[in-house]
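Colleague: My structure is below; once you've seen it, I'll send some questions.
The values are calculated or read from the model by the stated rules, or taken from the named source; none is laboratory data. Everything numeric in this text was worked out from a predicted model, so none of it was measured. Counting neighbours? That spans all protein chains shown, and the Cβs are built from the backbone with ideal geometry, glycine included. The area values use the complete protein model at the heavy-atom level, side chains included, leaving out ligands, DNA and RNA. Shrake-Rupley method; radii C 1.70, N 1.55, O 1.52, S 1.80 Å.
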Amino acid sequence: MHERFAELKNRLAEIHDLRRAQEVLFWDQTVMMPPGGGPVRGAQLTTLDRIAHQQFISPEIGRLLDDLASYEDGLDYDSDEASLIRTTRRDWEKARRVPAELAAEMVGAAAEAHDVWAKAREESDFPSFLPHLERAVELKRRYVACFEGYDEPYDVLLDDFEPGMKTAEVRAVFDELKTELVPLIAEIGSVEGDDAFMSGPFEIDAQHELSLRVIERFGYDPQFFRLDLTVHPFAASSGTQDIRLTTRYKEDDLTSLFTAMHECGHGLYEHGVSQTLERTPLCHGVSSALHESQSRMWENIVGRSRPFWNHFYPQVQAAFPNVLGDVEQERFYRAINRVKPSYVRVDADEATYNLHIILRFELEQEILAGTIALADLPEIWNERFEEYLGIPVPDDSLGVLQDVHWSGGGFGYFPTYSLGNIISVQIWEKALAENPELPAQFERGEFGELHEWLRSNLYSLGRKFTPQETLERVVGGPIDAKPYVRYLKEKLGALAAA
Ligand code: ZN
C-alpha cells in the first residue's frame, strides 16, 4: 500500500474513533446517564467534537490528499481506496469552509434556543420563541454564505444531509407527490372505522418481548445489537459490530412495535456496512434519505403489510388476549394502516406524513429566501396546513412549534424523511422483482432473503459512493416518486374501496 495512503488512513481512523466515541457518549446520555450528568457531558461532547473537527480540517490532511491524487488516478473507481480518497476530499473541502467561530456560535445558539422552544411549545407561545428563530435563520444565512457554486441557497442546507441533491430536484419530486396525494387523502382520509381496541391496554413486558421477537426475525442479533429505552427513539452505533437501538413503550398504544422495526432498519444498515470499511469515514449509511429508506422499508413496507401480519397477528393476539382476542386480523390491519389527517407529524400515517414534510420544505425555502416574515409564520403555517390536510390547526403547539428541528438550526433535514419514503419503494420494487418469493417468505416469518439482498446491494457500500451513485447502483436509476405513489394508491386505495 502507498505509504501516504497508509498515513491518511491512520489519521482518518483516529478521527473516526473520536466521532464514534461521541456517538456512544450521546447514547449513554439519552439512555443511561442520570439527569445530573448533563452539563459535564455537554462539555465532553463539545471537546471531542472540537478535537475531531480540528484534526480533520488540518492542512496535513489536505497535503495527503494532494500527494495521493496520482495514486488515486491509478485505482479502480469502485475500490475502497479510491472511494476513501474521493469521499474524504469532498468532506474535507466542505468542512474547511465554515469558520470555527461560526460553527461554535451555531452550537451555542442551538443549545440556548432548545429550552426556550420546549417551553414555548408547552405554552403555545410563538412570540417568545421568535427571537431565537430569527437568530437561527440569520446564522443559517451566514452559513450558506460560506459556500459558492450552488443553484439556490437551500441547496447548501440540503447538502448537509443529502450530499449532491438539488432543491429543484426535490421540488419536482414533491410537486408530483403533492398533486397525487392531496386528492387521494381527501378521498380515503374520511373512511372511518372503530379502532378503539388500538388504545389497549397493552402490557409493557409483552410489548418488549414482541418487539424483540419481530426484529430478531429481521436480523437483530444480540451478539451485535442492543435494545434499550429512551424518550425520543433513535439508533446509534460504535461500529458495524455494536448497534444500539432505542425504543419506548406506552400502555395505551402499540406504536412500540413499529418503532422497534423502524430503528432496527437503521441498525441493519449500519451493521451491514462492509467490515473492510470499519474505522474509516465510509463506515456509515450514505445519507439521511437512504437511511430513512431502510427504516421505512422495515417499518412500513414489511411491517404494515398483509403477509407480515398473516404471520405475526396470531402471536400479537395471544400476547394481548383481553384487548385483541375478539378483533379479527382484517380490522387490526385496517387500523394500523388508517389514513387520517392529524396535526402532529410524528403521529401521522404513511400517506399524510408526506404532506407534513412538503409543508415544512416549502416554508424552509421561503424562510431562507426571506420572502415571508418570521412573525407571520404561525398564520402562514395554519393556512397552508388546512389547505393540504383539510383540518384547522387549533394552536401553535400542535402547529408551527411542534418540531425541535428549527430551534437547533436544523433546516434542510425535513425533506429527507419523505425522500426516504419515496426511495424505500423504489428499492422494494427492485428487491421484489429479483426475489418474487419475498411476500410468501414473510407469511412464514422469514425475512433473511430480503435482509441479505439489502445487505449485499446497499448496506455493504457504506459511504463509498454519493447518494445518487448509490441509488443508481441499487435500483438502476435516479429518485422517482412514481413507484411510491403507485404503492400508496394500491395499498390504501384498496382499503378505502372495500
Ligand atoms: Zn428514522
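Colleague: Would you mention how many residues in region 230-277 are more than 16 Å from the ligand (Cβ to nearest atom) and in a strand (DSSP E or B)?
Modeller: Selection size over region 230-277: 3.
Colleague: Let me ask another. Looking at region 234-255, can you tell me whether even one residue there is touching a strand residue (DSSP E or B) at 6+ places or on another chain (Cβ under 7 Å), open to solvent by 50 Å² or more (accessible area, probe 1.4 Å) and among the hydrophobic types (A, V, I, L, M, F, W, C)?
Modeller: The initial filter retains those residues of region 234-255 that are touching a strand residue (DSSP E or B) at 6+ places or on another chain (Cβ under 7 Å), namely 234-237, 243-248.
Those still in the list that are open to solvent by 50 Å² or more (accessible area, probe 1.4 Å) too: 248.
Adding the requirement that they be among the hydrophobic types (A, V, I, L, M, F, W, C) leaves none.
The answer is no, given that none of the residues of region 234-255 is touching a strand residue (DSSP E or B) at 6+ places or on another chain (Cβ under 7 Å), open to solvent by 50 Å² or more (accessible area, probe 1.4 Å) and among the hydrophobic types (A, V, I, L, M, F, W, C).
Colleague: What number goes with the only condition from (1) open to solvent by less than 30 Å² (accessible area, probe 1.4 Å); (2) β-branched (Val, Ile, Thr); (3) assigned to a helix (DSSP H, G or I) that Ile51 does not pass?
Modeller: Of (1) open to solvent by less than 30 Å² (accessible area, probe 1.4 Å); (2) β-branched (Val, Ile, Thr); (3) assigned to a helix (DSSP H, G or I), only one is false for Ile51: (1).
Colleague: With Leu130, Leu157 as the choices, which residue is under 25 Å from the mean Cα position of the chain (by Cα), under 21 Å from Glu362 (Cβ atoms) and open to solvent by less than 70 Å² (accessible area, probe 1.4 Å)?
Modeller: Result of the check over Leu130, Leu157: Leu157.
Colleague: Can you name the helices (runs of 4 or more DSSP H) wholly within region 394-498 that have at least 2 residues being farther than 24 Å from Thr276 by Cβ and among the acidic types (Asp, Glu)?
Modeller: Qualifying helices (runs of 4 or more DSSP H): 415-434.
Colleague: Identify, by number, the condition in (1) free of Cβ contacts under 8 Å to residues at least 12 places away in the same chain; (2) part of a helix (DSSP H, G or I) that Asp76 doesn't meet.
Modeller: Here Asp76 clears every test but (2).
Conditions tested, residue by residue: (1) away from the ligand (no atom under 16 Å from the Cβ); (2) at pLDDT 95 or above; (3) buried (at least 19 other Cβ atoms within 10 Å of the Cβ).
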{"site": "Asn322", "(1), (2), (3)": "yes, yes, no"}
{"site": "Ala351", "(1), (2), (3)": "yes, no, yes"}
{"site": "Gly370", "(1), (2), (3)": "yes, no, no"}
{"site": "Asn382", "(1), (2), (3)": "yes, yes, no"}
{"site": "Gly390", "(1), (2), (3)": "yes, no, no"}
{"site": "Ser407", "(1), (2), (3)": "yes, no, yes"}
{"site": "Phe411", "(1), (2), (3)": "yes, yes, yes"}
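Colleague: Additional query: Which of the residues belonging to region 285-314 are part of a helix (DSSP H, G or I), away from the ligand (no atom under 16 Å from the Cβ) and open to solvent by less than 50 Å² (accessible area, probe 1.4 Å)?
Modeller: Correct list: Pro307, Phe308, Trp309, His311, Phe312, Tyr313.
Colleague: Still on this structure, please answer the following. When you scan region 413-438, how many residues do you find that are open to solvent by 10 Å² or more (accessible area, probe 1.4 Å) and within 20 Å of the chain's Cα centre (by Cα)?
Modeller: Residues in region 413-438 being open to solvent by 10 Å² or more (accessible area, probe 1.4 Å) and within 20 Å of the chain's Cα centre (by Cα): 4 in total.
Colleague: Also, I was wondering about something else. Quick one: would you say Glu364 is surrounded by fewer than 17 Cβ atoms within 10 Å (Cβ to Cβ) and in a helix (DSSP H, G or I)?
Modeller: Taking the combined requirement at face value, the residue does not satisfy it.
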